[in-house]
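One structure is given here, and the rest of the page talks about it.
The values are calculated or read from the model by the stated rules, or taken from the named source; none is laboratory data. Worth saying up front: this structure is predicted, and the values here are computed from it rather than measured. Positions of Cβ are generated from backbone atoms using ideal geometry, with glycine treated the same way; all protein chains shown enter the neighbour counts. We work out accessible area using only protein heavy atoms, side chains counted, and drop any ligands, DNA or RNA first. Shrake-Rupley method; radii C 1.70, N 1.55, O 1.52, S 1.80 Å.
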Amino acid sequence: MSNNRNHKSKASDAIISTVFLIWFVASIGLLIYFAKTGKTALALAVFGQYFLVFGIAGMVSSISSGGFRLSTLPILLFPIVGLTTLAGGIITQYGSEEFKKKCIDSLPMVFIILFIVIGICLIICGLYSGLYLKLVCKEYVSAQCIEVRKQYMGDKGEKYCPVYTYEYNGQSYKACDDVYTDKYFHTVGIDYELYINPKKPTQFYEPRKSTGTGIFLIGFGVIIVAFMAFVLFMINK
């Protein structure tokens with residue numbers, strides 16, 4: 001039964017990935033065609049609709065797998081980019097010539113700023129994961145892993161997220177940080193070292209998980225910001 005569910009999950013993910021890939025290629029093709037034929041409004045609409053739907057799908061997937069959390073914020077920028085671009089297409093189609101020219105001229109700067117914001121959000125998420133939690137979570141507890149949640153990531157295989165139970169000040173708590181990883185596998189029934197926030201006992205810092213995740217997010221965010229800064233420099237050169 002479990003194997004059947006895994007096969008169905010893999011087949012479903014493969015179909016969704018293929019659909020999004022075809023959709024992406026078709027969107028890029030239409031974008032280039034409309035741009036070359038001077039149909040700016042349609043080019044913006046094609047670009048915007050992909051970002052909008054892709055972003056909404058990402059938000060729904062992230063929230064359904066663990067609720068809204070800080071790491072979801074960068075995904076939120078994709079539908080924002082989509083809506084902004086669609087608005088640009090509407091303005092281009094129905095706005096005055098002078099207003100359209102101003103909007104078109106400002107589009108590169110708008111996108112650069114948006115992606116810089118995405119990069120900054122990733123850096124903030126990384127700092128939160130690697131530094132902030134370490135500062136506020138100071139109380140040591142021995143926590144028992146009672147469940148290991150799984151999340152299938154397509155060709156990358158499965159990632160895991162442990163659920164812990166522990167006691168603090170005479171009360172029992174059940175907590176999960178909703179951070180999935182394939183680097184560390186937890187065993188149900190084994191005790192692990194956690195540090196919790198005394199003011200919010202369900203918030204915790206797990207030394208062996210938080211550092212790696214934080215470094216990855218910070219590094220990815222820095223790359224995005226640095227690349228966009230380089231593009232901005234070349235535009236203004």
TODO: Could you look through region 147-186, keep only residues that are modelled with pLDDT of 85 or more and among the polar types (S, T, N, Q), and pick out the one that is nearest to L133 (Cα to Cα)?
DONE: T165
- [ ] Kindly establish whether I235 is part of a helix (DSSP H, G or I), over 30 Å from C176 (Cα atoms), open to solvent by 50 Å² or more (accessible area, probe 1.4 Å) and at pLDDT below 80.
- [x] yes
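Is it true that some residue in region 19-41 is of a type in the set (V, I, T) and at pLDDT below 75?
Pass one, region 19-41, residues of a type in the set (V, I, T): 19, 22, 25, 28, 32, 37, 40.
So of that shortlist, the ones also at pLDDT below 75 come out as 40.
Within region 19-41, one or more residues are of a type in the set (V, I, T) and at pLDDT below 75.
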Task: Conditions (1) at pLDDT 85 or above; (2) open to solvent by 80 Å² or more (accessible area, probe 1.4 Å); (3) in contact with a helix residue (DSSP H, G or I) (Cβ under 6 Å, 6 or more places away or on another chain); number of the one not met by Q93 - done: (1)
TODO: Could you tell me which numbered condition Q144 fails, if it satisfies all but one of (1) touching a residue at least 60 places away in the same chain (Cβ under 8 Å); (2) open to solvent by 20 Å² or more (accessible area, probe 1.4 Å); (3) farther than 30 Å from A229 by Cα?
DONE: (1)
